[in-house]
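Visitor: The following block contains the structure, expressed as structure tokens.
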Amino acid sequence: MTDERPDEERAPISWDALAAELAATREQAEQRGDADPATWDAVASALASRVGERPVTDGPVPLVPDEDELPLAPRAPEPGPQPEPQPRPEPEPLELLDSVELRGGLEALLFVMDDPVDEGTLATALRCPVEEVRAGLADLAAGYDQRSAGITLRRVGERWRLYTREEYATVVERHLVEGQRSRLTQAALETLAVIAYRQPVTRARVSAIRGVGVDGVMRTLLGRGLVHEVGSDPDSGGGLYATTPLFLERLGLHGLEELPELAPLLPETATMLDEHPDA
């Protein structure tokens with residue numbers, strides 16, 4: 001029997017209930033021996049009239065496009081020639097040094113280091129395992145102590161450094177004090193004058209002005225605390241040197257502006273021509 005109620009008054013259709021009803025109808029038809037296709041057409045028509053449209057709650061059924069209407073997937077670009085991976089450089093193999101090489105290498109490195117150095121840095125320079133460096137440092141320190149050497153090897157935190165032994169502190173102090181009291185040589189005074197009037201100045205410039213090398217003299221002036229390094233030359237990269245407050249104190253000056261003028265101290269032009277006629 002067809003349901004004649006308007007669509008808006010129909011009860012919502014349960015798909016499970018329809019399936020159960022269809023199965024029961026088929027079972028009853030089989031029990032009656034009624035397998036005529038016309039009967040099933042009538043049942044299908046009746047069910048179709050009851051079902052109507054699919055419930056809105058189930059949502060619309062999406063249409064599946066034909067295979068010919070499906071968009072073609074973009075083809076992956078064919079891989080071109082790939083650059084061969086560069087092999088990583090293999091680390092240099094570590095070497096096991098004998099005791100003489102290890103001790104000599106450690107002493108040389110510790111001697112040129114201005115600051116305490118760690119075991120890893122020493123091992124990298126010697127190209128040997130850190131464990132070997134650690135054992136070599138311990139043996140080196142023990143050897144200094146056994147023969148009461150003038151230097152001792154101490155561990156400062158995780159780093160090592162050479163120091164003068166405390167027993168010889170008096171000798172070192174005597175040398176430093178007497179060195180400060182000794183008079184400067186003529187070469188040192190000339191170098192100090194060039195630095196005072198041309199500061200800041202590089203060591204190479206001082207050598208050019210004096211016409212001789214000044215490395216030894218500069219070490220003396222630096223050790224006396226009369227000059228110090230104040231930076232580097234942007235053109236040559238060499239160190240720039242200037243006088244220190246101790247220099248002013250020793251000369252009894254309050255500032256560099258109190259330095260005497262150079263003009264009265266320079267020799268007369270005629271005198272220079274007489275002494276150097278080819279100049």
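The values are calculated or read from the model by the stated rules, or taken from the named source; none is laboratory data. Fair warning: this is a prediction, and the values are worked out from it, not measured in the lab. A quick note on method: Cβ atoms are made from the backbone with ideal geometry, for glycine too, and the neighbour counts reach across all protein chains shown.
Visitor: Checking Thr202 against (1) surrounded by 13 or more Cβ atoms within 10 Å (Cβ to Cβ); (2) within 30 Å of Thr121 (Cα to Cα); (3) polar (S, T, N, Q), which single condition isn't satisfied?
Guide: (2)
Visitor: Please give the number of the condition Val230 fails out of (1) at pLDDT below 90; (2) surrounded by fewer than 17 Cβ atoms within 10 Å (Cβ to Cβ).
Guide: Failing condition for Val230: (1).
Visitor: Hey, could you check segment 209-227 for residues that are surrounded by 15 or more Cβ atoms within 10 Å (Cβ to Cβ) and either among the small types (Gly, Ala, Ser) or touching a strand residue (DSSP E or B) at 6+ places or on another chain (Cβ under 7 Å) (or both) and say which is nearest to Ala187 (Cα to Cα)?
Guide: Checking each candidate, the answer is Leu221.
Visitor: It is to be established whether one or more residues within segment 173-182 are buried (at least 18 other Cβ atoms within 10 Å of the Cβ) and in contact with a helix residue (DSSP H, G or I) (Cβ under 9 Å, 6 or more places away or on another chain).
Guide: Let us first name the residues in segment 173-182 that are buried (at least 18 other Cβ atoms within 10 Å of the Cβ), namely none.
Checked segment 173-182: no residue is buried (at least 18 other Cβ atoms within 10 Å of the Cβ) and in contact with a helix residue (DSSP H, G or I) (Cβ under 9 Å, 6 or more places away or on another chain).
Visitor: While we're looking at this one, here's another question. Restricting attention to segment 209-218, does a residue exist that is of a type outside the set (Asp, Glu) and touching a residue at least 60 places away in the same chain (Cβ under 8 Å)?
Guide: Looking only at segment 209-218, we keep the residues that are of a type outside the set (Asp, Glu), and these are 209-214, 216-218.
In the following step, the residues that additionally are touching a residue at least 60 places away in the same chain (Cβ under 8 Å) were identified as none.
Taking every residue of segment 209-218 in turn, none turns out to be of a type outside the set (Asp, Glu) and touching a residue at least 60 places away in the same chain (Cβ under 8 Å).
Visitor: Is one or more of the residues making up segment 149-156 assigned to a loop (DSSP other than H, G, I, E, B) and either surrounded by 11 or more Cβ atoms within 10 Å (Cβ to Cβ) or assigned by TED's automatic domain parsing to the domain that holds Gly120 (or both)? It would help to see each step written out before you state the result.
Guide: Within segment 149-156, the first condition is being assigned to a loop (DSSP other than H, G, I, E, B), and the residues that meet it are 149-150.
If we keep only those that are either surrounded by 11 or more Cβ atoms within 10 Å (Cβ to Cβ) or assigned by TED's automatic domain parsing to the domain that holds Gly120 (or both) too, we end up with 149-150.
Yes, segment 149-156 contains a residue that is assigned to a loop (DSSP other than H, G, I, E, B) and either surrounded by 11 or more Cβ atoms within 10 Å (Cβ to Cβ) or assigned by TED's automatic domain parsing to the domain that holds Gly120 (or both).
Visitor: Only residues that are buried (at least 16 other Cβ atoms within 10 Å of the Cβ) and assigned to a strand (DSSP E or B): list them for segment 103-118, please.
Guide: Val117
Visitor: Oh, and also: Test Val212 against the stated conditions and say whether it is part of a loop (DSSP other than H, G, I, E, B) and either at negative phi or modelled with pLDDT of 90 or more (or both).
Guide: Working: part of a loop (DSSP other than H, G, I, E, B): yes; either at negative phi or modelled with pLDDT of 90 or more (or both): yes.
In short, yes.
Visitor: Follow-up question, since we're still on this one. Checking Glu167 against (1) in contact with a strand residue (DSSP E or B) (Cβ under 8 Å, 6 or more places away or on another chain); (2) surrounded by fewer than 14 Cβ atoms within 10 Å (Cβ to Cβ), which single condition isn't satisfied?
Guide: The number of the failed condition is (1).
Visitor: Also, I was wondering about something else. If I filter segment 134-143 for residues that are modelled with pLDDT under 90 and more than 16 Å from Val156 (Cα to Cα), do I get at least one hit?
Guide: Keep residues of segment 134-143 that are modelled with pLDDT under 90, which gives none.
No - not one qualifying residue is present in segment 134-143.
Visitor: Could I ask something else about it? If I filter segment 180-189 for residues that are modelled with pLDDT of 90 or more, of a type in the set (Val, Ile, Thr) and within 30 Å of Gly150 (Cα to Cα), do I get at least one hit?
Guide: For segment 180-189, residues modelled with pLDDT of 90 or more, of a type in the set (Val, Ile, Thr) and within 30 Å of Gly150 (Cα to Cα): absent.
Visitor: From Arg161, Arg219, grab the single residue that is charged (D, E, K, R), in contact with a helix residue (DSSP H, G or I) (Cβ under 9 Å, 6 or more places away or on another chain) and either within 30 Å of Thr121 (Cβ to Cβ) or assigned to a loop (DSSP other than H, G, I, E, B) (or both). Before the answer, list the steps.
Guide: Numbers: Arg219 fails: in contact with a helix residue (DSSP H, G or I) (Cβ under 9 Å, 6 or more places away or on another chain).
From the options Arg161, Arg219, the qualifying one is Arg161.
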